């Protein structure tokens with residue numbers, strides 16, 4: 001038993017431990033969006049299905065010795081492939097630069113191709129382990145139940161998921177993780193070889209005519225084969241739970257940050273429902289879970305209504321509760337209609353097919369069919385339908401009072417589902433004039449105050465966050481709005497750079513770089529003679545900002561010269577350096593939020609080193625760090641310390657047509673923010689620096705959203721000091737006679 005337990009536990013741990021690591025490698029090249037993870041999940045589900053199909057075919061059609069030899073051959077090929085990649089690429093799992101996307105054409109398929117080449121074979125081998133080794137154990141030791149090994153597999157998976165964001169990601173770099181995973185795979189191969197040897201030895205010495213089938217399978221030899229309707233139910237229930245899992249992950253990731261911390265939580269909850277539902281039938285009761293589903297719907301609707309105003313912890317809790325309730329309903333009903341033990345391998349295979357169909361729906365079908373994230377409320381609605389159908393099944397010898405309670409719960413479920421799902425689907429649809437969804441999220445244009453000519457405006461919304469607006473009235477079309485007031489960090493940086501150039505006798509015109517476009521509202525801060533170069537990955541936002549639909553015209557109205565570069569900003573800037581020197585930027589601004597989530601690969605140490613190479617000698621880097629959930633000040637100061645730059649925090653409050661904002665300005669000039677520009681302003685200006693080595697620095701190798709979660713800590717606790725005492729003026733030297 002020990003060798004099988006070690007092999008199955010290790011394989012499950014590695015199987016789920018590699019998933020967030022693979023996502024971290026993919027994020028920087030594919031825009032850092034939540035769609036990266038759903039595409040990865042589709043790949044993992046598809047390979048898992050292939051592994052289950054392989055295990056089912058091998059276990060049911062081949063003799064034990066042939067099974068062992070075939071699988072040992074497959075293990076050998078996987079080990080050789082990992083070793084070859086380690087020698088050729090310098091890492092067993094790191095994808096080569098050739099997989100970087102050159103455009104946004106079919107990013108899902110390109111991403112899945114990258115995963116298939118880098119880790120497809122070892123992941124496939126691991127996916128076969130659970131069902132195949134359980135069948136080996138049943139053959140080698142007839143009379144002993146293999147289902148304890150299934151429970152052990154789930155424990156390994158859960159430990160890998162929960163350990164990654166808390167114990168691995170914040171402390172271990174990607175390269176070290178890849179090598180550690182490869183070493184773990186080698187250990188797994190040793191355990192699997194031991195299991196294969198045990199199978200061959202025990203089946204070869206069995207008495208002639210002795211059965212090698214488990215007791216459960218022999219007892220159920222005459223059980224009827226499940227029909228088409230039962231198989232379709234397996235597919236439907238597993239697909240519903242899979243859609244709810246991926247839709248919940250999308251919902252959370254788009255508002256905070258796409259990364260392992262918010263990826264593994266829904267997956268862990270989903271796995272827990274599987275463990276509970278398939279461990280014992282008594283763990284699932286229709287009544288309590290239907291009531292829990294009713295409550296969770298109301299909480300999710302409330303979270304959507306409050307939006308970013310609701311604390312992240314509550315949002316995560318409410319969505320996790322809804323995912324748990326809905327997935328438990330699906331998996332509980334799935335376990336109730338499980339087949340006889342002899343058909344379990346086929347049952348697990350069809351359940352896996354349902355999971356893949358859910359991934360296909362969320363990753364490929366939903367973006368093509370829906371223009372918003374409707375799959376989340378639809379999945380919750382499907383779970384409500386499962387609950388209602390199960391409640392309407394009348395148990396034998398039901399008492400009148402129990403029947404009344406059952407009907408009342410069903411009526412309440414229908415009422416709550418209709419009210420809350422209608423709210424979740426409708427939202428602000430009455431104001432929406434444009435909506436489009438692609439790999440990078442959902443972009444909507446809302447029309448506000450159409451009956452008030454002076455306040456009539458169009459607003460761009462990405463996810464749940466406003467990304468700028470513009471007034472319709474001609475006299476107000478160039479008014480500074482959203483985060484780009486004259487007193488904002490970006491506005492002050494531009495003004496101070498003009499003043500400095502004038503003091504040096506240089507032309508006051510500036511060359512400005514903007515990472516992130518929005519509606520183009522920052523262009524209202526530019527003046528004649530300026531040149532602005534915008535970097536934007538989402539083609540929908542580019543089209544809207546350039547005037548498609550007639551909603552926004554900041555780019556057209558600006559007197560400055562405008563350039564727009566489509567693609568990931570970091571990749572575009574790297575390519576510009578490779579293709580020859582470009583005219584440096586006097587101000588380079590980073591405003592790259594996707595909904596309220598920030599693509600982490602654009603704020604790592606390596607990224608800021610790249611940005612500095614694009615700055616003029618006295619150039620300023622302006623980081624927009626406004627965020628509901630993350631405190632990005634310590635991270636920005638850590639970058640400033642590492643790059644030898646001086647940091648200034650500029651905070652403004654909501655006033656007139658502009659919103660509250662926080663910017664960090666990084667400059668190589670110590671006296672940059674001591675000029676009259678920063679004294680004569682309504683903004684709060686603070687010069688900040690670290691008094692000690694930073695607690696953490698975000699790098700390409702190691703970064704975690706968990707490190708930046710907002711906490712009630714003072715500046716002293718963070719190791720930050722304010723430097724608000726003006727420097728002493730230079731002492732005049734006496735003239736020599």
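The values are calculated or read from the model by the stated rules, or taken from the named source; none is laboratory data. All values derive from a computational prediction rather than experimental measurement. Counting neighbours? That spans all protein chains shown, and the Cβs are built from the backbone with ideal geometry, glycine included.
Quick one: which residue in 577, 588, 573, 555 is within 19 Å of residue 645 (Cα to Cα) and touching a residue at least 24 places away in the same chain (Cβ under 8 Å)? It would help to see each step written out before you state the result.
Values: 577 fails: within 19 Å of residue 645 (Cα to Cα); 573 fails: within 19 Å of residue 645 (Cα to Cα); 555 fails: within 19 Å of residue 645 (Cα to Cα).
588 is the lone residue from the list that is within 19 Å of residue 645 (Cα to Cα) and touching a residue at least 24 places away in the same chain (Cβ under 8 Å).
If you check residue 244 against the conditions, is it modelled with pLDDT of 90 or more and surrounded by 15 or more Cβ atoms within 10 Å (Cβ to Cβ)?
Yes: the conditions hold for residue 244.
Kindly evaluate residue 714 against the criterion of being modelled with pLDDT of 90 or more and over 29 Å from residue 496 (Cα atoms).
no
If you go through region 676-692 one residue at a time, how many are surrounded by 16 or more Cβ atoms within 10 Å (Cβ to Cβ) and either at pLDDT 90 or above or more than 26 Å from residue 610 (Cα to Cα) (or both)?
Qualifying residue count for the region: 8.
Return the only residue of 68, 26 being assigned by TED's automatic domain parsing to the domain that holds residue 99, closer than 22 Å to residue 360 by Cβ and either out of contact with any strand residue (DSSP E or B) (no Cβ under 7 Å at 6 or more places or on another chain) or modelled with pLDDT of 85 or more (or both). Working first, answer last.
Details: 68 fails: closer than 22 Å to residue 360 by Cβ.
Every option except 26 fails the conditions.
Within 31 Å of the chain's Cα centre (by Cα) and either outside the structural domain of residue 179 (by TED's automatic domain parsing) or surrounded by fewer than 21 Cβ atoms within 10 Å (Cβ to Cβ) (or both): is that true of residue 73 in this structure?
no
If I go through region 544-565 residue by residue, how many of them are over 15 Å from residue 470 (Cβ atoms) and either touching a strand residue (DSSP E or B) at 6+ places or on another chain (Cβ under 9 Å) or not assigned by TED's automatic domain parsing to the domain that holds residue 494 (or both)?
6
Return yes when residue 563 is in contact (Cβ under 8 Å) with a residue 12 or more places away in the chain and either in a helix (DSSP H, G or I) or at positive phi (or both) and no when it is not.
It is false that residue 563 is in contact (Cβ under 8 Å) with a residue 12 or more places away in the chain and either in a helix (DSSP H, G or I) or at positive phi (or both).
Select from region 627-645 the residues that are buried (at least 20 other Cβ atoms within 10 Å of the Cβ) and touching a strand residue (DSSP E or B) at 6+ places or on another chain (Cβ under 6 Å) and list them in ascending order.
Residues satisfying the conditions are 636, 637, 640, 645.
Would you check if there is a residue in region 172-183 being modelled with pLDDT of 85 or more and more than 38 Å from the chain's Cα centre (by Cα)?
There is no residue in region 172-183 that is modelled with pLDDT of 85 or more and more than 38 Å from the chain's Cα centre (by Cα).
So if I check each of 532, 493, which one is part of a strand (DSSP E or B) and farther than 21 Å from residue 459 by Cα? It would help to see each step written out before you state the result.
Values: 493 fails: part of a strand (DSSP E or B).
Matching residue, one of 532, 493: 532.
Only one of these conditions is not met by residue 103: (1) surrounded by 17 or more Cβ atoms within 10 Å (Cβ to Cβ); (2) modelled with pLDDT under 90. Which number is it?
(1) is the only condition that residue 103 fails.
Here is a check on your reading of the model: is residue 332 crowded, with 22+ Cβ neighbours inside 10 Å, farther than 19 Å from residue 321 by Cβ, outside the structural domain of residue 34 (by TED's automatic domain parsing) and out of contact with any strand residue (DSSP E or B) (no Cβ under 8 Å at 6 or more places or on another chain)?
no
Just the residues that are under 30 Å from residue 474 (Cβ atoms) and out of contact with any strand residue (DSSP E or B) (no Cβ under 6 Å at 6 or more places or on another chain), please, taken from region 566-588.
Of everything in region 566-588, just one residue is under 30 Å from residue 474 (Cβ atoms) and out of contact with any strand residue (DSSP E or B) (no Cβ under 6 Å at 6 or more places or on another chain), namely 566.
Just for region 369-415: of the residues that are within 20 Å of the chain's Cα centre (by Cα) and free of Cβ contacts under 8 Å to residues at least 60 places away in the same chain, which one is surrounded by the fewest Cβ atoms within 10 Å (Cβ to Cβ)?
Step by step, filter region 369-415, then rank; the result is 374.
If you go through region 278-293 one residue at a time, how many are surrounded by 18 or more Cβ atoms within 10 Å (Cβ to Cβ) and more than 27 Å from the chain's Cα centre (by Cα)?
Selection size over region 278-293: 5.
If the Cβ limit is 7 Å and pairs must be 6+ apart or interchain, which residue in region 245-262 that is outside any loop (DSSP other than H, G, I, E, B) pairs with which residue that is modelled with pLDDT under 65?
Close Cβ pairs (under 7 Å, with a partner that is modelled with pLDDT under 65) amount to 253/597; 262/256.
Looking at region 69-123, which of its residues are assigned to a loop (DSSP other than H, G, I, E, B) and closer than 21 Å to residue 178 by Cα?
90, 91, 92, 93, 94, 95, 96, 100
Which of the residues belonging to region 507-525 are part of a loop (DSSP other than H, G, I, E, B) and either under 18 Å from residue 676 (Cβ atoms) or in contact (Cβ under 8 Å) with a residue 40 or more places away in the chain (or both)? Show your work before the answer.
Keep residues of region 507-525 that are part of a loop (DSSP other than H, G, I, E, B), which gives 507-510, 516-520.
Matches in region 507-525: 508, 510, 516, 517, 518, 519, 520.
Only one of these is within 17 Å of residue 23 (Cα to Cα), buried (at least 22 other Cβ atoms within 10 Å of the Cβ), at pLDDT 90 or above and out of contact with any strand residue (DSSP E or B) (no Cβ under 7 Å at 6 or more places or on another chain): 111, 119. Name it. Walk me through how you get there before you give the answer.
Working: 111 fails: at pLDDT 90 or above.
On inspection, the qualifying residue turns out to be 119.
Looking only at region 39-62, which residues are at pLDDT below 85 and either within 14 Å of residue 364 (Cα to Cα) or in a loop (DSSP other than H, G, I, E, B) (or both)?
Passing the criteria: none in range.
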